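Inspection log for the structure reproduced underneath, given as structure tokens.
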Amino acid sequence: MEPELEQAIGIRIRTLRQEKALTLDDLAAASGVSRAMISRIERAEASPTASLLARICAALGLSLSAFFAEEGQASPLARRQEQQVWRDPETGYLRRSVSPPGTASDVDIVEVEFPAGARVSFPPHASAHGMMQHIWLFDGELEMTAGETVYRLRPGDCLFMPVGEGHVFHNPGNAPARYCVVLDRGGR
């Protein structure tokens, strides 16, 4: 991960934690992530995995998309070279925020490149209840687990599912999967 992005993630977590008047211990208890790890992330000494960052975001009352949403001046156009990209240091999962930042839209569009064999679990979190997502697979294979149900997606397939109940993304194939997540925050 780029050092600037690691630092920006750390600053954003610290700022959100402080805005909510949470101590490191409070956030650790709410997220299930150790105080030491949160402190290391805030100081840009550690890169959070997608699953770990999702747990911290949930404890802060945010989705991953809302966490990465840039503040500032809204523009109806988000050029590819200006879109924020983040790579999960554990799986190599590459996440590109496609939606123009700062708009009043309740919809976020995210492009994902997911390595062969990769698996990422997103725990249930109450702050995302009411939020829905479409997973639209372009290339490769994707196995989605929601509760006890496993869905196997092939190119062109689209799965609609709630965000807050938790889910697992898995690429069972031997080639990268490329897909789009269309997240609807439902008027939040």
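The chain has equivalent-ellipsoid semi-axes of 25, 19, 17 Å, by the square roots of 5 times the alpha carbon gyration tensor eigenvalues, sorted largest first.
Taking all protein chains into account, the per residue accessible area for segment 58-163 stands at 52 Å² (1.4 Å probe).
Given the peptides 139-151, 52-64, 102-114, arrange them by the average over their residues of other C-beta atoms within 10 Å, most packed first.
Those peptides, ordered most packed to least, come out 52-64, 102-114, 139-151.
When shorter helices are ignored and each DSSP H run of at least 4 residues is given -39500 (n - 2.57), the per-residue value for the chain at 222 nm works out to -7500 deg cm²/dmol. A compact globular protein would have a Cα radius of gyration near 2.2 N^0.38 Å; the ratio found for segment 1-47 is 1.07. Taking the 1.4 Å solvent-accessible surface of the chain as the whole, the part contributed by carbon and sulfur is 51%.
Residues in segment 1-47 average 57 Å² of solvent-accessible surface per residue, probe 1.4 Å, ligands and nucleic acids excluded.
Once backbone amide H atoms are built at 1.01 Å from N, Ser99 has Ile109 as its partners under 5 Å, excluding neighbours fewer than 5 places away on the same chain.
The values are calculated or read from the model by the stated rules, or taken from the named source; none is laboratory data. Everything numeric in this text was worked out from a predicted model, so none of it was measured. Positions of Cβ are backbone-derived with ideal geometry, glycine not excepted, and every protein chain shown enters the neighbour counts. Side chains are part of the model used for accessible areas, which takes the heavy atoms of the whole protein and leaves out ligands, DNA and RNA. Shrake-Rupley method; radii C 1.70, N 1.55, O 1.52, S 1.80 Å.
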